[in-house]
Amino acid sequence: MQTAARADAIFVSTRPRAIETAGHVAGERELSIDPVFIEAPLPPPAFPAWVKLSPRWWGVVSRIWWWAFDLHDEGEESRDLARARAVKAANILITRAEQGEEVLVLAHGFFNAMIGHRLKSLGWRCTLDQGFKYWSSRRFEKR
């Protein structure tokens with residue numbers, strides 16, 4: 001909430017959970033709700049029905065499967081398309097930050113990490129990293 005109070009711009013994924021989170025932390029502040037910030041796809045691998053995993057482990061396996069092998073259903077976003085979207089998202093954030101604004105993104109863990117990877121490749125550094133827990137955050141600053 002303190003970060004949201006300092007933010008000049010708040011970007012939010014179109015997913016309901018991100019919009020709900022934004023409502024809790026940003027109150028009545030103006031939000032930029034944009035589908036560019038939605039989570040990268042998480043298609044389940046085509047494993048035999050006898051493979052049983054908890055939902056948490058299905059998420060881990062599905063993410064690795066998608067990232068390592070770029071396996072996705074027809075019409076679903078590929079790894080390369082998600083990377084291109086992360087570049088676009090990073091550019092949106094950089095444009096605002098380079099205008100001297102404090103920018104906050106309320107979105108989803110893996111895609112946020114993809115954006116962070118792009119920011120690092122462009123010379124930004126991560127000065128705070130709370131990992132992948134719910135409500136965790138990362139802060140990036142220009143070197």
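Here are the numbers for this structure:
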read-out	value
In Hz, Karplus ³J(HN,Hα) per residue of the stretch 54-70 (6.51, -1.76, 1.60; θ = phi - 60°; x = Gly, Pro)	6, x, 4, 6, 4, x, 5, 5, 4, 5, 4, 4, 5, 6, 6, 10, 6
Inter-site label distance for MET1 and THR127 at 7 Å from Cα along Cβ, in nm	2.4 nm
Within the chain, helix-based [θ] at 222 nm, where runs of 4 or more DSSP H residues each add -39,500 (n - 2.57), nearest 500	-14000 deg cm²/dmol
GNM top mover of GLU101, GLU28, GLU74 - the chain, alpha-carbon springs below 10 Å	GLU74
Whole-angstrom Cα spans of the stretch 1-88 along principal axes, big to small	48, 29, 18
GNM result for the chain, Cα springs below 10 Å: residue of LEU106, LEU122, LEU53 fluctuating most strongly	LEU53
Cα centroid of the stretch 1-59 to Cα centroid of the stretch 60-91, whole Å	16 Å
Residue among ALA68, ALA49, ALA82 with the largest mean-square fluctuation in a Gaussian network model of the chain, springs linking Cα atoms under 10 Å	ALA49
Qualifying chymotrypsin sites (Phe, Trp or Tyr not before Pro) for the stretch 90-128 [loop in DSSP, other Cβ within 10 Å: at most 13]	none
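Every read-out reported here was derived from the displayed coordinates using simple, explicitly stated rules and does not represent laboratory data. No experiment lies behind these values; they were computed from the predicted model shown. Reconstructed Cβ throughout: ideal geometry from the backbone, glycine too, with neighbour counts over all protein chains shown.
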